[in-house]
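Here the structure comes first, spelled out in structure tokens, and everything after it is commentary.
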Amino acid sequence: SVIRLEDYKPFSHPVSTVHLTFHLDPEATRVRAEIAFGVGTGDLRLDGVDLDLLSATIDGVPVTPICDEDGLTVAAADLPDGPFTWVAETRIDPARNTTLEGLYHRRDLFITQCEAEGFRRITYFPDRPDVMAVYTVRIEGDMPVLLSNGDLTGSGPGWAEWHDPWRKPSYLFALVAGDLRSVEDSFTTMSGRDVTLKIWVRDGDRGRCAYAMDALKRAMKWDEDTYGLEYDLDLFQIVAVDDFNAGAMENKGLNVFNSKYVLASPETATDADFDGVESVIAHEYFHNWTGNRITCRDWFQLSLKEGLTVFRDQCFSADMRSAPVKRIEDVLRLRAGQFREDAGPLAHPVRPESYVEINNFYTATVYEKGAELIRMLREIVGQDAYDAALKLYFERHDGQACTIEDWLSVFQDATGHDLSQFRRWYHQAGTPRLTVEDRFEEGETILTFRQTTPPTPGQPDKQPVPIPIRWGLLDDKGEVANGMFLLSEAEQEVRVKTAARTVPSVLRGFSAPVILEQKGQPGDAGVRLARDTDAFNRWEAGRTLALDVLAGDGDPAPWLDGVCAVLNDQTLDPALRALILSLPTQEGIAQEIALRDETVDPDLVHVRHQSLEEALTSRLGADAMRISRAIRPTGDYSPDGQAPGQRALANRLLSLAARRETDLAREALAQASNMTDRLAALAPLIRAGQAEAELAAFHAEWSGTDLVIDKWFAMQTSLAPAHEALDVAQRLQNHEDFTWTVPNRFRALVGGLISNTAAFHRADGAGYVWLADWLLKVDKRNPMLAARMSAAFETWRRYDEGRQKLILDQLERIASADGLSRDTGEMVGRMRARA
Ligand code: ARG
Ligand code: ZN
């Protein structure tokens, strides 16, 4: 059934306290829940899924509620008039809970994941974020470590008691129990509170926690310095687990992480992995205020916490390293995930209006586009007004469950800006198209901006949105003017006095999440690439020139000339040079072709991509290896500072040079002393189909280190030559290390193949059948994982009729499968719907 925003009603009865007692047992855990309800109206309806109700009492008197698939009801007539205490005992089976929601038992660990609706798999409860309570938890079990939210108030052999003084919704509840070891540190907050920090991992993994701990302390300090926000308990704990559907979870005082975002050492993690650890650690920590202290009224408001928290973690990472490089990486991610989503059948607004399964809305739109909306708000009102608005937000709404309306009212009240039009950004799906035309007339450069947003499912007509456009004008000496223009109508002009025609540089820093089409002069992108003062637009100009070749039939010379000049510019950050020297992905090229209303031919995209790589390799000749060797950092590995950018450039050049001479990659592999360089050296060998011995050696060396073996699977399916990759995947799925029931391993192999665009989109449809087989299998165990992976099919409309039909056949086969989950059922239904 469909849940609608317009049907929102507050819960019937207030809750003040919750006492939980767990008797842990893998197959038969007993949970006693004592809930203090206040005076309410009507029946008492509690959510509950897969629970065995052993007993229930109200004020000590046994009651017999009416139980169904999703919960239970106690009729109003059976409820006391005043406040009352509900006590229920339930039995659950964590070992057989394969959904990885609620309480589950894997590899001797008890783990919870309650967001969004997992708590109802633990006990009967009003499992919705606007019901907040103070929790006390007693855990009984024979494991050495028994953890929950808040502060430890007592413990002994086989038991521990926890108390969380902060009112919280049930989705922030957490429990972890098992044989874990901790790494400890401390942080003193700005008001002098001494906070103990603990990261819990398996025995043997303690040596890979240092970077996560350091990132945590930097995040805590940054939130104080930037937002004046301080941690509010004496203990902050993180647990790393190997079996997890998401990246991490911000449970109050007890964050649970996918081990991928905690464990990192130079030998096992790449520079990108270190970045990921830093930003996810920060993201979850930042949720303590944006999410936990101020939470969401209902799940339609998810972006209230996620958009804002992503924006905060993006700013944190930008402050820790190069801000322009971070911005380019964020935009790459936005385009790859969110623009793709917005252009297809799964498009939805940042604040959706209805859903069947809320897990299907933890999307790039809610997260990444949501973050862009906050960034635009800051752009529109300015940094000082943004700071004032955030101050008011925490003053006014601390302790509350809020809506996006509340958020916008705060902004309006604090800054005096009328944000009524800005609201459309939250309600309208689809990526706006912005065009800019320029002309020079009577001493003026005139920029004409136009916007339209194409229809999306359920939203045929779109209205103009306010688009902050940062712009500059370039002449042959440099920049002659710059400014910020807020485009609020369908068409508007900006006039600037200039001596002659200038080259416009618009949407600097990607100041709005729109698709820009520039109707300039042929040489303009080359000028921007050579000397724009905005680093983002320099990179963007290179991308524009590359896409002219890759998505159309443009001349490669301007791109080659431009990027080679950039490569040799020693004053430019090597990380930025590496990005400018990279081609758009095949997915990026396909998006661009679809935008031009042309049919995407994945084989042709692949060929064009290869030939531009080849052209760059020829152009660079011996320079590629010469510069690669000169720039590669020597000495001890560091994930911070200049070294990662230097490695990125060195490895980009290696990947080009090794196209001609795979021995260069073998040499680099022999010299590699960290995982970044190793993977970079292995990649050309895998692409060339010459990595057999190297892959075997890699496997032998890392057997048992799960996160590294995940890489071993992923690199083979993602990099194998397109015509072989599916065979490789089918061979690897029979490997003894392939456990499809572990999400990280499944995503490594299957996600790897999907990212190998030409392989997945093989014209005979074998890739589609293979994925559908997997989705059907995984859906029976872990619907959230299957549903998420099914989005690989969302681009079906881009392709030729043959491929469209092949994909639709698979979507139909999935849709008609017996016992299909609500999660995957909703996804497939939306993808098949006629637009
Ligand atoms: N709130 C978590 C985060 O953003 C993610 C939770 C994912 N849950 C889900 N049902 N998909 O850090
Ligand atoms: Zn989050």
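Hey, any hits in the stretch 395-403 for a residue that's within 16 Å of ligand 2 (Cβ to nearest atom) and closer than 25 Å to Ser279 by Cβ? Yes; the residues of the stretch 395-403 include at least one that is within 16 Å of ligand 2 (Cβ to nearest atom) and closer than 25 Å to Ser279 by Cβ. For the stretch 242-268, filtered to residues that are within 11 Å of ligand 1 (Cβ to nearest atom) and either small (Gly, Ala, Ser) or more than 21 Å from Leu147 (Cα to Cα) (or both), the residue that is surrounded by the most Cβ atoms within 10 Å (Cβ to Cβ) is Ala248. A Cβ distance below 9 Å, combined with a sequence gap of six or more or placement on separate chains, defines the contacts here; from the stretch 214-225, residues that are more than 19 Å from Val183 (Cα to Cα) and acidic (Asp, Glu) reach residues that are part of a helix (DSSP H, G or I) and modelled with pLDDT of 95 or more in the pairs Asp223/Ala282; Asp223/Tyr285; Asp223/Phe286; Asp223/Arg312; Asp223/Phe316. Against the conditions (1) crowded, with 18+ Cβ neighbours inside 10 Å; (2) of a type outside the set (Gly, Ala, Ser); (3) in contact (Cβ under 8 Å) with a residue 60 or more places away in the chain, Val356 satisfies every one except (1).
Consider Gln690 against the criteria (1) within 27 Å of the chain's Cα centre (by Cα); (2) over 24 Å from Arg208 (Cβ atoms): it satisfies all of them except one. Which criterion is unmet? Every listed condition holds for Gln690 apart from (1). Under the condition of being within 17 Å of Arg4 (Cβ to Cβ) and within 16 Å of ligand 1 (Cβ to nearest atom), the residues counted in the stretch 330-349 number 1. Determine whether Lys198 is farther than 27 Å from Asn359 by Cα, assigned to a helix (DSSP H, G or I) and basic (Lys, Arg). Against the criterion (farther than 27 Å from Asn359 by Cα, assigned to a helix (DSSP H, G or I) and basic (Lys, Arg)), Lys198 does not qualify. The helices (runs of 4 or more DSSP H) found wholly in the stretch 684-765 and carrying at least 1 residues that are acidic (Asp, Glu) and either in contact with a Lys or Arg (Cβ under 7 Å, 6 or more places away or on another chain) or buried (at least 16 other Cβ atoms within 10 Å of the Cβ) (or both) occupy 692-702, 706-719.
In the stretch 284-298, the residues that are farther than 21 Å from Arg128 by Cβ form Cβ pairs under 8 Å with partners that are among the basic types (Lys, Arg) and within 11 Å of ligand 2 (Cβ to nearest atom), at six or more places apart or across chains, as follows: Phe286/Arg312. When the criteria are applied in full, Ser303 fails the requirement of being among the polar types (S, T, N, Q) and either surrounded by fewer than 23 Cβ atoms within 10 Å (Cβ to Cβ) or in contact with a strand residue (DSSP E or B) (Cβ under 8 Å, 6 or more places away or on another chain) (or both). The set of residues in the stretch 269-309 being closer than 30 Å to Pro639 by Cα, within 14 Å of ligand 1 (Cβ to nearest atom) and small (Gly, Ala, Ser) consists of Gly276, Ser279, Ala282, Gly291, Gly307.
For the stretch 269-281, a tally of residues being over 16 Å from Gln237 (Cβ atoms), within 14 Å of ligand 2 (Cβ to nearest atom) and surrounded by 24 or more Cβ atoms within 10 Å (Cβ to Cβ) returns 0.
I need every pair where a residue in the stretch 308-326 that is under 20 Å from Asn288 (Cβ atoms) has its Cβ under 6 Å from the Cβ of a residue that is within 16 Å of ligand 1 (Cβ to nearest atom) and among the β-branched types (Val, Ile, Thr), sequence separation at least 6 or different chains. That search, which allows pairs on different chains as well, returns Leu308/Thr290; Leu308/Ile374; Thr309/Thr290; Phe311/Ile374.
Scanning the stretch 69-104 for residues that are of a type outside the set (Val, Ile, Thr), touching a strand residue (DSSP E or B) at 6+ places or on another chain (Cβ under 9 Å) and assigned to a loop (DSSP other than H, G, I, E, B) returns Asp70, Ala75, Leu79, Pro80, Pro83, Asp93, Asn97, Leu100, Glu101.
Close Cβ contacts (under 9 Å, 6 or more residues apart or on different chains) running from residues in the stretch 415-429 that are basic (Lys, Arg) to residues that are assigned to a helix (DSSP H, G or I) comprise Arg423/Ile404; Arg423/Glu405; Arg423/Leu408. Within the stretch 352-383, being away from ligand 2 (no atom under 16 Å from the Cβ), out of contact with any Asp or Glu (no Cβ under 7 Å at 6 or more places or on another chain) and part of a loop (DSSP other than H, G, I, E, B) holds for Pro352, Glu353, Gly382. You will find that of Ala578, Ala615, Ala590, the residue that is within 26 Å of the chain's Cα centre (by Cα), hydrophobic (A, V, I, L, M, F, W, C) and under 24 Å from His723 (Cα atoms) is Ala590 and no other.
Filter the stretch 283-307 for residues that are over 13 Å from the mean Cα position of the chain (by Cα) and part of a helix (DSSP H, G or I); which is farthest from Asp164 (Cα to Cα)? Across the stretch 283-307, the extreme among qualifying residues is Phe300. Within the stretch 383-403, does at least one residue satisfy the condition of being of a type in the set (Val, Ile, Thr), away from ligand 1 (no atom under 16 Å from the Cβ), surrounded by fewer than 22 Cβ atoms within 10 Å (Cβ to Cβ) and modelled with pLDDT of 95 or more? Checking the stretch 383-403: at least one residue is of a type in the set (Val, Ile, Thr), away from ligand 1 (no atom under 16 Å from the Cβ), surrounded by fewer than 22 Cβ atoms within 10 Å (Cβ to Cβ) and modelled with pLDDT of 95 or more.
Taken residue by residue, the stretch 440-454 has at least one member that is within 15 Å of Phe485 (Cβ to Cβ) and of a type in the set (Phe, Trp, Tyr).
Are there any pairs with C-beta distances below 6 angstrom linking a residue in the stretch 109-125 that is within 16 Å of Leu72 (Cα to Cα) and touching a residue at least 12 places away in the same chain (Cβ under 8 Å) to a residue that is more than 16 Å from ligand 2 (Cβ to nearest atom) and of a type in the set (S, T, N, Q), with the two at least 6 apart or on different chains, and if so which? Filtered contacts from the stretch 109-125: Phe119/Ser170; Thr123/Thr90; Phe125/Ser170. Please enumerate the residues belonging to the stretch 241-271 that are in contact (Cβ under 8 Å) with a residue 60 or more places away in the chain, within 29 Å of Leu649 (Cα to Cα) and outside any loop (DSSP other than H, G, I, E, B). Correct list: Ser259, Lys260, Asp271. Evaluation of Asn292 against the conditions (1) of a type outside the set (A, V, I, L, M, F, W, C); (2) surrounded by fewer than 24 Cβ atoms within 10 Å (Cβ to Cβ); (3) away from ligand 2 (no atom under 16 Å from the Cβ) shows that the sole unmet condition is (3).
The values are calculated or read from the model by the stated rules, or taken from the named source; none is laboratory data. This structure is a prediction, so every number in the text was calculated from the model and none was measured. Cβ: placed from backbone, ideal geometry, glycine included. Neighbour counts: every protein chain shown.
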